[in-house]
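Following: one structure in structure tokens, then a few remarks.
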Amino acid sequence: MIQVAVLGYGTVGSGVVEVIEKNKEEINKKSGEQLNIKYILDLRDFPGDPYEDKVVHDVDQILNDPEIKIICETMGGLKPAYDFTRRALLAGKSVCTSNKELVAVHGPELIRVAHDNKCNYLFEASVGGGIPIIRPLNYSLTAEKIDAITGILNGTTNYILSKMEKEGADFEEVLKEAQEKGYAERNPEADVEGYDACRKIAILSSLMTGKNVKYDDIYTEGITRITSTDFIYAHAMGKTIKLLAQSKEVDDNFYAMVAPFMISKSHPLYMVNDVFNAVCVHGNMLGDSMYYGKGAGKLPTASAVVSDVVDCARHIGKVIMCFWDDEDVALTGIEEAKRSFFVRVSSDRERKAIDVFESLRVIEADVPGEFAFVTDVMSEKEFNKKAEEVGIISRIRIEE
Ligand code: HSE
């Protein structure tokens, strides 16, 4: 029997317990041994909960118990999760986590500590909720040189944008609903300002390069400035608006960014709606592959944590290879990245916009008092200069 502990009995932690209990037979068979949850660490008590007798308040009880071989860290945040994780790994206990913040900041160090101590630090649930994406990058696409990853990596913002699109609703209104449904983080800023997606693309980019992509080096723009009027234009253009997280290697330059983009109906991510996430991975031999599923929520995320528990159970005392070194990747600034832009200006700037942008495609959408257009392909730097000269209302990048 393999003894397991869960740190944090919140949404994901209680989901982990539920998944292990509900799918006991499957999971034990696939693990090759029976798994048993011995402890649940939380500050709170849970009177009446079927697992109340497993709840403990002192992490040392878990860390000092030689029977515990696998720990699920579902606390979130850096403190005290970093300290607990590091101590667990130093004690040779494998850790499976959904904590993208911790993985994005301390991933390479914790992987190294795990390997030095013949155990594993696995983080399938940290990106894309229930979608298998870490495992494909680590184990399935090993014959590939991966040169681009583009994803919808945040369920809350995708839910908000999908609702805004379908219902013509405004951002604030839909955000409230997303919070009520429990999709948004405690602090919605992390979702709506793109920080959550940024951490996730930092993790994927690190696995893509095998080196460390620091999340605070990644250009990040959220969806708070997207309005229902932008969707009126998007409809007129046969497009929609999605928060994309992408990283690309072009001629030895490595770009990564998170921002809202307009994408057309033919784009593989166009149909990814509501709380769903999807990740497109481009490999130099395979070409495109896409991974799709529920990117947030209790059971999908818990399912991914438990898939890591099974992997750890199959590899007790053995290291599962993961290529993510400490060496930082120098990102190329996005100023040189080239694309076209959708732009809105007030009607009195129409003449100036035509003069400055020279060649543009006008978008008719009957929005009073405005002139809207799509630019030619140009660098961000060039666009910003022209936009400043004209004085624009807003712009959205276009992904072809
Ligand atoms: N708040 C996150 C999201 C949860 O909406 O995607 C999953 O990481």
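None of the figures in this text is laboratory data; all of them are computed from the coordinates on show. If you're wondering where the values come from, they're calculated on a predicted model, not measured in any experiment. Don't worry about glycine lacking a Cβ; one is built from the backbone with ideal geometry, like all the others, and counts go over all protein chains shown.
For the stretch 229-235, putting each phi into the Karplus relation 6.51 cos²θ - 1.76 cosθ + 1.60 with θ = phi - 60° gives couplings of 5, 4, 5, 4, 5, 4, 4 Hz, in residue order, rounded to whole numbers and with x for Gly and Pro.
The eigenvalues of the Cα gyration tensor, multiplied by 5 and square-rooted, give the stretch 28-144 an equivalent ellipsoid with semi-axes of 25, 17, 15 Å from largest to smallest.
Taking a ≥ b ≥ c as the square roots of the eigenvalues of the Cα gyration tensor, the stretch 75-198 is classed as oblate, since a/c reaches at least 1.5 and a/b does not exceed b/c. Annotation: the antiparallel percentage among DSSP beta bridges lying fully within the chain is about 65. Under 5 Å between amide hydrogens, built in the peptide plane, is the criterion, and for Phe254 it picks out Thr332 among residues at least 5 positions away or on other chains. Report note on the peptides 166-178, 216-228: ranked by the mean count of other C-beta atoms within 10 Å, highest first, their order is 216-228, 166-178.
So between Leu78 and His115, what do we pick up on full extension, going 0.36 nm a residue minus the alpha carbon distance? Mind dumping the intermediate values first?
Details: separation 37, 0.36 × 37 = 13.32 nm, distance 2.09 nm.
Taking Leu78 through His115 to full extension adds about 11.2 nm, to one decimal.
For Lys211, the residues whose modelled amide H falls within less than 5 Å of its own, excluding neighbours fewer than 5 places apart on the same chain, are Asp325. Calculated FRET efficiency, His315 to Arg395, Cβ-Cβ distance, R0 = 60 Å: about 0.80 to the nearest 0.05. Chymotrypsin sites (Phe, Trp or Tyr not before Pro) within the stretch 246-352: which are DSSP loop residues with at most 15 other Cβ atoms inside 10 Å? Listed in order of number, the matching sites are Tyr270, Phe323.
By the count of other C-beta atoms within 10 Å, a proxy for reagent exposure, Asp147, Asp58 are ordered fewest to most as Asp58, Asp147.
Here the Karplus relation 6.51 cos²θ - 1.76 cosθ + 1.60, evaluated at θ = phi - 60°, turns the backbone of the stretch 91-97 into coupling constants of 8, x, 9, 5, 10, 10, 9 Hz, with x for every Gly and Pro.
For a paramagnetic label modelled on Glu33 (point 7 Å from Cα along Cα→Cβ), amide N atoms under 11 Å away belong, within the stretch 67-87, to 67-70.
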